[in-house]
């Protein structure tokens, strides 16, 4: 690709790329997101390409300069979102989505679908007896509004030409040649775009504050660390539409007067790093990144830093310290990052999803953006939907969508028609919401009013077989492990809370433990140095608030109502079914079963170690587990 030296040359290239993309009348988009790659999608891609070439069909993996007219576009796309059904293959122009594709299906896909235009019914999605061939008609997708994720799954994730063909970098053109830095900041401020990393702080306010700083140089930093368990929204954007992120960062750079950008990506995201590197190299080759961009006189360079996966590095000052080569630990504020951030210089820091919203706001305007969702939290939000729910994956919905719509309409409800119990929102920093909050709108202010937060966007749905005390212990264990140890409240307080929760789930809870947990939580929340410590007790406090009776059952009755805590399980022998054969007693490793031949046996609960040997050795189903 030749370097572009003017806006006019980029516009001309866009026309060439658009013509080439439009000429691909048939396309096969194989999901190249991490989930589908783990399921073998890259092997499926190679096999489909091999079969097409064996039939003499022109295959365009990259957009051709001279369209063939009869070629088939073969693309490794980003994440389609419907991870539960992967590996996924989308067929265009029909819009068919094939689910759970195996390499053995490839020949049939080529012969029936690509050559003869026939749909393969066994590969399309089915729900409640209904067949949904087209992706957009599937209930999982139908109620979504995909704005940031609109191109993920629909373009070659590694092609700058396809991004340009679909209007990519037009917002950058506008910011380089048509508007001032103040115009950009005013538009972002008017849109009321709020940071998608969890805090919900106004992006325009942050940009304006950074732009006012006199000291130079200034830096643009993107937080792509995404440390919440089960969250993969930012990863999917970096993997599926990396140029959208780069364009958003470049616009932010023009707005605040910065020519250097850093993307901080966790090392566990190798595919995201690979595609970002490819995107940066492509943009530099075309002259869209680097010095004197499109002859504008403005410059911008992007660097990638790989983090070691420390949760605390999601905090701004810890993240910038890590980029500098220091230990990732937060510092006391003020001063804020916009004043003294990376290399002690003014720094604008947003997460991936925040920057990815910017090009659309510049192109379509603040009024368009504010028309989506509620006034105080406009736009859309991507969520990672996981847990005991039928349809898991990556979704995007307008702010203000209710939990009920997300869980039961998009998610399809609970697996095995179990009863909904709670949803953990916001990761380790969030809290549990219950049935009474199902109609709470998913936006920053509404969730805050019920003691929860959006966080980065993780949603873990739980059914009635989930022990909420164990959930609190799980998240506290995660937070305690991830504490950087700099401040005493977080370092020692979370450790004490974890010890209490471990005792309770092991059946050794004591009177006063609940009150002690509440006291510790209050102290940690009010005295910890950074956001990680201040929000660390949230899962514990929310589960105590909503499920106090479960804590009390663990402590006072030594039982787990959900039957999930192994050390609180009870094995009993039904005297009606017991034949008195003694097989259970003979196989008990601790001699906890007593009785006489041909009379019902009894388990001594004080000796029982809950190994389950009695259940596996009983031929009459007389031994059962009680919660």
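The values are calculated or read from the model by the stated rules, or taken from the named source; none is laboratory data. Nothing here was measured: the structure is a model prediction, and the numbers come from that model. Virtual Cβ from ideal backbone geometry, glycine too; neighbours counted across all protein chains shown.
Does residue 192 count as surrounded by fewer than 22 Cβ atoms within 10 Å (Cβ to Cβ), at positive phi, at pLDDT 95 or above and in contact with a helix residue (DSSP H, G or I) (Cβ under 8 Å, 6 or more places away or on another chain)?
Spelling it out, residue 192 is indeed surrounded by fewer than 22 Cβ atoms within 10 Å (Cβ to Cβ), at positive phi, at pLDDT 95 or above and in contact with a helix residue (DSSP H, G or I) (Cβ under 8 Å, 6 or more places away or on another chain).
Kindly indicate the residue of the stretch 416-432 that is farther than 11 Å from residue 453 by Cβ and touching a strand residue (DSSP E or B) at 6+ places or on another chain (Cβ under 7 Å) and also surrounded by the fewest Cβ atoms within 10 Å (Cβ to Cβ) among those meeting that condition.
Checking each candidate, the answer is 419.
If a residue must be more than 46 Å from the chain's Cα centre (by Cα) and not in a helix (DSSP H, G or I), how many such residues does the stretch 563-589 contain?
Selection size over the stretch 563-589: 9.
Here are some residues: 447, 520, 498. Which one is crowded, with 17+ Cβ neighbours inside 10 Å, within 25 Å of the chain's Cα centre (by Cα), free of Cβ contacts under 8 Å to residues at least 60 places away in the same chain and not assigned by TED's automatic domain parsing to the domain that holds residue 224?
447
Given the conditions (1) surrounded by fewer than 20 Cβ atoms within 10 Å (Cβ to Cβ); (2) modelled with pLDDT of 95 or more; (3) in contact with a helix residue (DSSP H, G or I) (Cβ under 7 Å, 6 or more places away or on another chain), which single one is not true for residue 31?
Single failed check for residue 31: (1).
Within the bounds of the stretch 47-70, is there any residue that is free of Cβ contacts under 8 Å to residues at least 40 places away in the same chain and under 21 Å from residue 271 (Cβ atoms)?
yes
Do you know which residues across the stretch 20-36 are more than 17 Å from residue 105 (Cβ to Cβ) and assigned to a helix (DSSP H, G or I)?
Of everything in the stretch 20-36, those that are more than 17 Å from residue 105 (Cβ to Cβ) and assigned to a helix (DSSP H, G or I) turn out to be 20, 21, 22, 23, 34, 35.
Kindly evaluate residue 560 against the criterion of being surrounded by 14 or more Cβ atoms within 10 Å (Cβ to Cβ) and not in a helix (DSSP H, G or I).
Here the answer is yes, as residue 560 does meet what is asked.
Hey, can you tell me all the residues within the stretch 123-140 that are under 26 Å from the mean Cα position of the chain (by Cα) and within 16 Å of residue 84 (Cβ to Cβ)?
Residues satisfying the conditions are 124, 125, 126, 127, 132, 135, 138, 139, 140.
Return a yes/no flag: does the stretch 463-480 have any residue that is in contact with a strand residue (DSSP E or B) (Cβ under 6 Å, 6 or more places away or on another chain) and either in a strand (DSSP E or B) or buried (at least 23 other Cβ atoms within 10 Å of the Cβ) (or both).
Checked the stretch 463-480: at least one residue is in contact with a strand residue (DSSP E or B) (Cβ under 6 Å, 6 or more places away or on another chain) and either in a strand (DSSP E or B) or buried (at least 23 other Cβ atoms within 10 Å of the Cβ) (or both).
Identify, from the list 395, 372, 454, the residue that is assigned to a loop (DSSP other than H, G, I, E, B) and crowded, with 24+ Cβ neighbours inside 10 Å.
454
Return yes when residue 325 is buried (at least 22 other Cβ atoms within 10 Å of the Cβ), part of a loop (DSSP other than H, G, I, E, B) and at positive phi and no when it is not.
Criteria not met by residue 325.
Residue 545 is checked against (1) in contact (Cβ under 8 Å) with a residue 60 or more places away in the chain; (2) surrounded by fewer than 21 Cβ atoms within 10 Å (Cβ to Cβ); (3) in contact with a helix residue (DSSP H, G or I) (Cβ under 9 Å, 6 or more places away or on another chain) and fails just one. What number does that condition carry?
(3)
Determine, yes or no, whether residue 297 is within 30 Å of residue 6 (Cβ to Cβ), loosely packed, with under 15 Cβ neighbours inside 10 Å and assigned by TED's automatic domain parsing to the domain that holds residue 247.
For residue 297, the condition - within 30 Å of residue 6 (Cβ to Cβ), loosely packed, with under 15 Cβ neighbours inside 10 Å and assigned by TED's automatic domain parsing to the domain that holds residue 247 - is met.
It is to be established whether one or more residues within the stretch 430-438 are within 15 Å of the chain's Cα centre (by Cα), part of a strand (DSSP E or B) and modelled with pLDDT under 95.
For the stretch 430-438, residues within 15 Å of the chain's Cα centre (by Cα), part of a strand (DSSP E or B) and modelled with pLDDT under 95: absent.
Among the residues of the stretch 481-492, what is the count of those that are surrounded by fewer than 24 Cβ atoms within 10 Å (Cβ to Cβ) and part of a helix (DSSP H, G or I)?
So the count comes out to 6.
Which members of the stretch 334-347 meet the condition of being farther than 16 Å from residue 315 by Cβ and either touching a strand residue (DSSP E or B) at 6+ places or on another chain (Cβ under 8 Å) or not in a loop (DSSP other than H, G, I, E, B) (or both)?
Those that are farther than 16 Å from residue 315 by Cβ and either touching a strand residue (DSSP E or B) at 6+ places or on another chain (Cβ under 8 Å) or not in a loop (DSSP other than H, G, I, E, B) (or both): 343, 344, 345, 346.
Determine which member of the set 275, 306, 244, 266 is buried (at least 21 other Cβ atoms within 10 Å of the Cβ), touching a helix residue (DSSP H, G or I) at 6+ places or on another chain (Cβ under 7 Å), in the same structural domain as residue 174 (by TED's automatic domain parsing) and more than 20 Å from residue 10 (Cβ to Cβ).
Just a single option satisfies the conditions, and that option is 275.
Yes or no, residue by residue, for (1) touching a strand residue (DSSP E or B) at 6+ places or on another chain (Cβ under 6 Å); (2) free of Cβ contacts under 8 Å to residues at least 60 places away in the same chain:
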site: 558; (1), (2): no, yes
site: 561; (1), (2): no, no
site: 580; (1), (2): no, yes
site: 614; (1), (2): yes, yes
